[in-house]
């Protein structure tokens with residue numbers, strides 16, 4: 001069993017790396033457990049143009065690598081490992097990684113949220129090349145083009161409305177003829193002259209990985225089973241995200257969609273346990289907001305440890 005750590009950070013996206021940087025500079029020797037998707041969603045992104053400090057933009061994987069190197073420079077330790085269980089009722093906290101138990105005085109949960117994908121044959125090969133789950137991240141790259149949004153809820157309508165700022169035409173593809181979206185969001189989308197709807201339709205595949213760009217979709221009408229090709233320059237998914245917080249069910253408060261509930265930005269209901277980034281942010285989900293909340297979690301963990309030492 002390891003000696004007791006000061007800080008363990010779950011996740012290695014923008015929130016996790018920023019938390020690692022701040023706690024490392026505070027001489028807290030943080031341990032970062034990288035998780036199933038090292039680098040988080042930015043590792044699947046090509047050009048990032050909205051992260052401050054990079055006038056010409058920067059590749060997502062490069063930005064993540066830079067963050068990690070900066071944190072390591074100050075003493076952050078990284079392990080390619082996934083937390084399988086956690087016991088937050090103990091003091092210190094107990095984290096299970098494979099057959100190893102790690103004990104820590106504070107835990108920063110920066111495990112992120114995974115985008116829901118359709119599971120199409122060519123989908124993963126085209127993520128970052130015209131397939132996206134983030135309109136605010138990638139919409140600008142498709143200025144003056146026709147694009148598709150998949151989904152029928154508020155997320156899809158929000159994506160579609162945002163994308164009208166850039167695209168000449170936005171087609172919302174939905175598998176049913178009724179929508180889960182709220183009336184106000186649906187009415188707003190229906191009134192927009194750039195937004196069109198294809199209902200009772202599902203996407204069966206996306207083209208063309210050989211060209212490393214989206215050129216069209218294979219669509220199927222669910223009523224008669226007929227398929228057709230539909231030309232488009234991009235496919236944005238508006239079918240939601242899944243926060244990576246399932247292991248904390250029954251220990252931490254979660255909202256109906258599984259996001260961790262925090263107060264004062266990053267506090268959970270358990271002392272010494274903080275949450276930051278997309279695992280608790282269902283509204284913004286940006287690299288810069290994740291980094292900012294990672295900073296907050298780190299500063300609060302540092303203060304918690306200072307208070308803990310004062311009590312001793």
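The values are calculated or read from the model by the stated rules, or taken from the named source; none is laboratory data. Computed from a predicted model, the values in this text were never measured in an experiment. Positions of Cβ are generated from backbone atoms using ideal geometry, with glycine treated the same way; all protein chains shown enter the neighbour counts.
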Flagged in segment 231-258 as surrounded by 13 or more Cβ atoms within 10 Å (Cβ to Cβ) and closer than 17 Å to residue 86 by Cβ, in numbering order, are 243, 244, 245, 247, 248, 251, 252, 253, 254, 258
Expected single match for touching a strand residue (DSSP E or B) at 6+ places or on another chain (Cβ under 8 Å) and outside the structural domain of residue 10 (by TED's automatic domain parsing) among 223, 190, 211 is 190
Exactly one of 274, 304 is assigned by TED's automatic domain parsing to the domain that holds residue 52, assigned to a strand (DSSP E or B) and touching a residue at least 40 places away in the same chain (Cβ under 8 Å), and that one is 274
For segment 121-160 the number of residues that are touching a residue at least 40 places away in the same chain (Cβ under 8 Å), over 21 Å from residue 180 (Cα atoms) and either in the same structural domain as residue 11 (by TED's automatic domain parsing) or not in a strand (DSSP E or B) (or both) is 16
Flagged pairs (Cβ under 6 angstrom, 6 or more apart or on separate chains; first in segment 248-260, in the same structural domain as residue 293 (by TED's automatic domain parsing) and at pLDDT 95 or above; second part of a helix (DSSP H, G or I) and surrounded by 12 or more Cβ atoms within 10 Å (Cβ to Cβ)) are 260/279
Within segment 266-287, residues being out of contact with any strand residue (DSSP E or B) (no Cβ under 6 Å at 6 or more places or on another chain) and modelled with pLDDT of 95 or more number 6
